[in-house]
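Enquirer: Quick one: structure below, then a few questions.
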Amino acid sequence: MPTGLGAIDCDVHPMVPAMSALSPYLDEFWRDQVTERGITQLDGQSWPVNTPKTIRADWRDAKGRGASTVAELQTQALGPFGADLAILNPLYGVQMVLNADMAVAFTRALNDWTRAEWLDRDPRLRASIVLPLQDIGAAVEEIERLAPDRRFVQALVLAMGDAPLGKRQFWPVYEALVRHGLPLGVHAGSAYRHPQTSVGWTSWYLEEYVANQQAFQSQLASLVTEGTLGKFPDLKVVLLESGVTWLPAFLWRLGKTWKGVRFEVPWVDRSPAELVRDQVRLSVQPFDAPEDDPGAVQRILDHLRSEDMLLWASDWPHWQFDGNAAVPPGFPEAMLPKLMRDNALATYGRLRGEEGSR
Amino acid sequence: MNVIQAPPPRADARPGRPAAATLGLVDVDIHPRAHSHADFKPWLSERWWRYAQEYGPRARHGFTGGQPPFPKAQPLACRRDAWPPGGGTPASDLGFLRSHHLDAHGIDIGVLNPLQPSGQGDRNNGFSAALCHAVNEWQLETWLRPEPRLRGSVVVPYEDAAASAAEIRQRAGDPNFCQVLMMSRTAEPAGNPRYWPIYEAAAEAGLPVAFHAFGYSGWAMTNTGWPSFYIEEVSEHATSCQNQVTSLVVEGVFERLPTLKVVLIECGFAWLPSVAWRLDRHWRHLKGEVPHLRRAPSEYIRDHIWVSTQPMEEPEVGRHLRDVMGWIGWDRILFATDYPHWDFDDPRAAVPGTLPEEVRRDIYGGNARRVYGF
């Protein structure tokens with residue numbers, strides 16, 4: 001683990017221990033609903049608490065859970081990996097809630113919990129505003145409500161939602177994000193509006209986990225072809241826990257198809273690869289390179305044709321690596337300052353201390 | 001294992017055939033089309049013929065009459081010059097297919113992959129089985145017996161595995177058929193045990209199973225909902241095939257059937273290494289869930305999966321494609337034109353001339369001869 005680079009950890013996950021933890025942040029009506037209706041937790045199938053992937057074995061507490069306190073983050077990640085800053089991306093199942101009013105209430109409570117229980121307890125922490133996309137107007141309001149607190153540095157949605165993120169119904173959200181200088185973070189996981197594959201429900205968690213790779217491709221295809229990236233050139237989109245090695249092949253295919261049928265989407269006036277290189281960033285845990293071919297990482301970096309797109313993240317407490325090997329092997333030494341810090345500073349305006357609006 | 005017998009060396013490359021195709025030029029993706037449903041009538045019972053007239057094919061989407069949810073970029077997604085001068089739709093006329101494609105490009109062997117209307121993926125399993133059977137008889141009668149350069153695919157009603165297995169067993173041993181054909185968008189992931197009888201029958205018959213990009217699963221075309229554009233649908237052919245490879249591997253299909261060969265046609269291929277790497281990496285952490293896998297996922301992929309060239313991904317820097325082809329394995333890549341569709345690959349220009357000659361030779365013909373036993 002390289003030190004002394006002032007690393008910025010772009011993806012760590014505080015875990016809500018139970019619905020009761022959010023109760024103090026709910027109003028009386030929703031607190032009552034939670035109690036009366038027996039809503040004890042919102043843990044989702046994207047991250048089953050006991051599976052090996054969700055919490056690394058040596059990061060679990062006596063009860064088998066983890067990532068429930070700032071102290072754990074400090075001793076397990078911030079300290080060992082030498083991070084100057086870390087961005088909290090809460091993955092509690094608020095996106096799965098079908099009642100939009102309930103979703104908005106729970107999501108607000110989640111964001112307030114993150115602020116009070118995490119941001120207020122360590123100055124190195126920043127966070128994402130979790131968005132209740134069940135109600136676009138409420139999602140915009142949530143951005144407006146929290147954007148004045150500059151420790152919120154991006155907004156967060158899941159890779160698998162109701163509809164592809166490029167669709168115009170989401171554009172008011174992107175207007176608000178651009179207004180406040182906030183990137184859109186898209187994290188692995190599903191709201192379970194659709195099966196994890198376009199060919200139906202998977203049998204195994206392994207299949208389900210790897211299927212996030214397809215969701216990220218679909219989201220980028222949508223953000224490009226709907227004209228969303230073109231419409232919002234100042235919007236940065238950060239793919240979190242997406243894996244990386246799939247990206248070149250995806251762009252080669254989309255670019256070729258675009259050349260063939262661009263008359264269908266005449267507003268896309270630059271190649272998908274250019275748009276994505278300018279506006280899309282990816283975290284590198286996992287990277288998904290082959291384990292037996294040390295040269296492959298350099299080949300993939302060549303295929304990406306950019307050193308500016310990748311952001312370091314530990315993905316704590318998810319199990320992506322053992323010990324302190326938080327940087328995927330194979331990166332050239334010369335790229336580490338960008339990977340560990342500079343690219344994050346270039347992506348997250350608020351980490352540079354800039355004012356939000358341009 | 002197939003015995004490989006190379007044809008005698010030929011000094012006379014026919015017009016159109018690339019010089020590097022010294023093991024012959026095999027096109028693994030040609031789409032014959034019926035003039036109309038009536039072409040299938042001789043092999044349909046009175047009941048299903050009447051059903052076809054009154055209710056018609058019903059895919060797992062809302063449109064009827066062959067109208068796709070995402071309108072194609074051209075009528076029937078075909079080359080404008082592929083409409084036979086004598087009338088009819090592209091690739092519906094053997095004479096014109098011969099002159100426009102087989103002769104013009106020097107195709108030695110062409111594999112037919114009939115698409116809609118073929119009965120595949122129909123919501124009515126009984127109709128699906130009846131129409132698929134008729135399509136296979138139609139292939140024999142209309143294409144395969146009159147033209148020795150063509151090979152057929154056993155079109156199966158894949159949502160009914162038992163009926164599919166019966167259709168495969170009926171065709172086993174008939175040299176006119178070289179593979180079993182499924183569409184890439186099945187109603188459940190392809191590795192699901194409900195489909196295993198298909199793979200068992202195919203392995204028993206010594207036929208590879210091809211997945212051709214297309215079909216309608218009934219689910220949204222992405223795992224995050226319905227996209228808007230045809231360009232997205234084309235992109236999603238790759239993602240659905242990625243899911244199918246994952247499912248076939250993780251469900252243990254290749255562990256169960258060590259001789260099964262799977263050919264991905266028109267699915268692209270540059271994504272395959274990344275899928276294999278990702279599966280390996282996360283399998284190491286989730287092995288406990290899938291003890292039926294005795295090898296790393298990438299090993300099953302390397303041993304059991306072949307890919308076709310068209311549409312070949314196009315990197316901004318051409319040589320990057322060579323990295324990917326090498327990762328997949330030069331012996332796994334089969335040439336395809338996709339005739340008569342708009343995104344047809346001309347054999348003279350499609351395979352990069354920068355590849356070593358023996359690699360081009362194998363892509364044009366040698367690899368297909370090995371996998372199909374031609």
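Enquirer: Please specify each residue of segment B:58-68 satisfying the condition of being over 21 Å from the mean Cα position of the chain (by Cα) and either in contact (Cβ under 8 Å) with a residue 24 or more places away in the chain or at positive phi (or both).
Expert: If the condition is that a residue be over 21 Å from the mean Cα position of the chain (by Cα) and either in contact (Cβ under 8 Å) with a residue 24 or more places away in the chain or at positive phi (or both), then B:ARG58, B:HIS61, B:GLY65 are the ones that fit.
Enquirer: If you go through segment A:30-69 one residue at a time, how many are touching a residue at least 24 places away in the same chain (Cβ under 8 Å), surrounded by fewer than 19 Cβ atoms within 10 Å (Cβ to Cβ) and assigned to a helix (DSSP H, G or I)?
Expert: 3
Enquirer: Tell me the helices (runs of 4 or more DSSP H) entirely within segment B:323-374 that contain at least 2 residues that are without any contact (Cβ under 8 Å) to a residue 40 or more places away in the chain.
Expert: On the way: elements: B:347-350, B:357-361, B:367-372.
It comes to B:357-361.
Enquirer: If you don't mind, there's one more thing I want to ask. Among the numbered criteria (1) within 18 Å of the chain's Cα centre (by Cα); (2) β-branched (Val, Ile, Thr); (3) surrounded by fewer than 24 Cβ atoms within 10 Å (Cβ to Cβ), which single criterion is violated by A:VAL284?
Expert: (3)
Enquirer: Here is a further query. Taking segment A:211-229 as the region of interest, how many residues are under 12 Å from B:ASN223 (Cα atoms) and either part of a loop (DSSP other than H, G, I, E, B) or at the interface with chain B (Cβ under 7 Å from one of its Cβ atoms) (or both)? Steps first, answer last, please.
Expert: Filtering segment A:211-229 for residues under 12 Å from B:ASN223 (Cα atoms) gives A:211-219.
Among the residues that remain, those that are also either part of a loop (DSSP other than H, G, I, E, B) or at the interface with chain B (Cβ under 7 Å from one of its Cβ atoms) (or both) are: A:211, A:213-215, A:217-219.
Result for segment A:211-229: 7.
Enquirer: Oh, and also: For segment B:247-287: of the residues being at the interface with chain A (Cβ under 7 Å from one of its Cβ atoms) and farther than 24 Å from B:PRO315 by Cβ, which is surrounded by the most Cβ atoms within 10 Å (Cβ to Cβ)?
Expert: The selected residue is B:VAL250.
Enquirer: Something else about it: Looking at A:GLN154, is it within 14 Å of chain B (Cβ to nearest Cβ) and either more than 23 Å from A:SER218 (Cβ to Cβ) or touching a residue at least 12 places away in the same chain (Cβ under 8 Å) (or both)? Before you say what the answer is, go through the steps one by one.
Expert: Numbers: within 14 Å of chain B (Cβ to nearest Cβ): no; either more than 23 Å from A:SER218 (Cβ to Cβ) or touching a residue at least 12 places away in the same chain (Cβ under 8 Å) (or both): yes.
Criteria not met by A:GLN154.
Enquirer: If only one of B:PRO315, B:PRO340, B:PRO297, B:PRO311 is within 18 Å of the chain's Cα centre (by Cα) and within 10 Å of chain A (Cβ to nearest Cβ), which one is it? Working first, answer last.
Expert: Details: B:PRO315 fails: within 18 Å of the chain's Cα centre (by Cα); B:PRO340 fails: within 10 Å of chain A (Cβ to nearest Cβ); B:PRO297 fails: within 18 Å of the chain's Cα centre (by Cα).
Answer to the selection: B:PRO311.
Enquirer: Select from segment A:230-247 the residues that are in a helix (DSSP H, G or I) and surrounded by fewer than 24 Cβ atoms within 10 Å (Cβ to Cβ) and list them in ascending order.
Expert: We begin by selecting, within segment A:230-247, every residue in a helix (DSSP H, G or I); these are A:230-231, A:247.
If the condition is that a residue be in a helix (DSSP H, G or I) and surrounded by fewer than 24 Cβ atoms within 10 Å (Cβ to Cβ), then A:GLY230, A:LYS231 are the ones that fit.
Enquirer: Answer yes if at least one residue in segment A:269-277 is modelled with pLDDT under 95, crowded, with 16+ Cβ neighbours inside 10 Å and within 13 Å of chain B (Cβ to nearest Cβ), and no otherwise. If you could, list the steps in order and put the result at the bottom.
Expert: Going residue by residue through segment A:269-277, those that are modelled with pLDDT under 95 are none.
No, segment A:269-277 contains no residue that is modelled with pLDDT under 95, crowded, with 16+ Cβ neighbours inside 10 Å and within 13 Å of chain B (Cβ to nearest Cβ).
Enquirer: Residues that are more than 10 Å from chain B (Cβ to nearest Cβ), farther than 22 Å from A:ALA77 by Cα, part of a loop (DSSP other than H, G, I, E, B) and among the charged types (D, E, K, R): does segment A:284-296 have at least one?
Expert: Step one: of segment A:284-296, the residues more than 10 Å from chain B (Cβ to nearest Cβ) are A:284-285, A:294.
Subset that is farther than 22 Å from A:ALA77 by Cα: A:294.
Those left that are additionally part of a loop (DSSP other than H, G, I, E, B): A:294.
The next check asks that each one be among the charged types (D, E, K, R); those that pass are none.
Checked against the condition, which is being more than 10 Å from chain B (Cβ to nearest Cβ), farther than 22 Å from A:ALA77 by Cα, part of a loop (DSSP other than H, G, I, E, B) and among the charged types (D, E, K, R), segment A:284-296 yields no hits at all.
Enquirer: I need the full set of residues from segment B:72-92 which are part of a loop (DSSP other than H, G, I, E, B) and either loosely packed, with under 13 Cβ neighbours inside 10 Å or of a type in the set (Phe, Trp, Tyr) (or both), in order please. Spell out how you get there, then give the answer.
Expert: Within segment B:72-92, the first condition is being part of a loop (DSSP other than H, G, I, E, B), and the residues that meet it are B:72-74, B:79, B:83-92.
Hits for segment B:72-92 are B:TRP83, B:PRO85, B:GLY86, B:GLY87.
Enquirer: Let me ask something else. Out of curiosity, is B:ALA163 crowded, with 24+ Cβ neighbours inside 10 Å and either at pLDDT 95 or above or outside any loop (DSSP other than H, G, I, E, B) (or both)?
Expert: Values: crowded, with 24+ Cβ neighbours inside 10 Å: no; either at pLDDT 95 or above or outside any loop (DSSP other than H, G, I, E, B) (or both): yes.
So B:ALA163 fails the test.
Enquirer: Would you call A:ALA86 surrounded by fewer than 16 Cβ atoms within 10 Å (Cβ to Cβ), touching a residue at least 60 places away in the same chain (Cβ under 8 Å) and of a type outside the set (D, E, K, R)?
Expert: Working: surrounded by fewer than 16 Cβ atoms within 10 Å (Cβ to Cβ): no; touching a residue at least 60 places away in the same chain (Cβ under 8 Å): yes; of a type outside the set (D, E, K, R): yes.
It is false that A:ALA86 is surrounded by fewer than 16 Cβ atoms within 10 Å (Cβ to Cβ), touching a residue at least 60 places away in the same chain (Cβ under 8 Å) and of a type outside the set (D, E, K, R).
The values are calculated or read from the model by the stated rules, or taken from the named source; none is laboratory data. Nothing here was measured: the structure is a model prediction, and the numbers come from that model. Here Cβ is always computed from backbone atoms with ideal geometry, including for glycine, and neighbour counts include all displayed protein chains.
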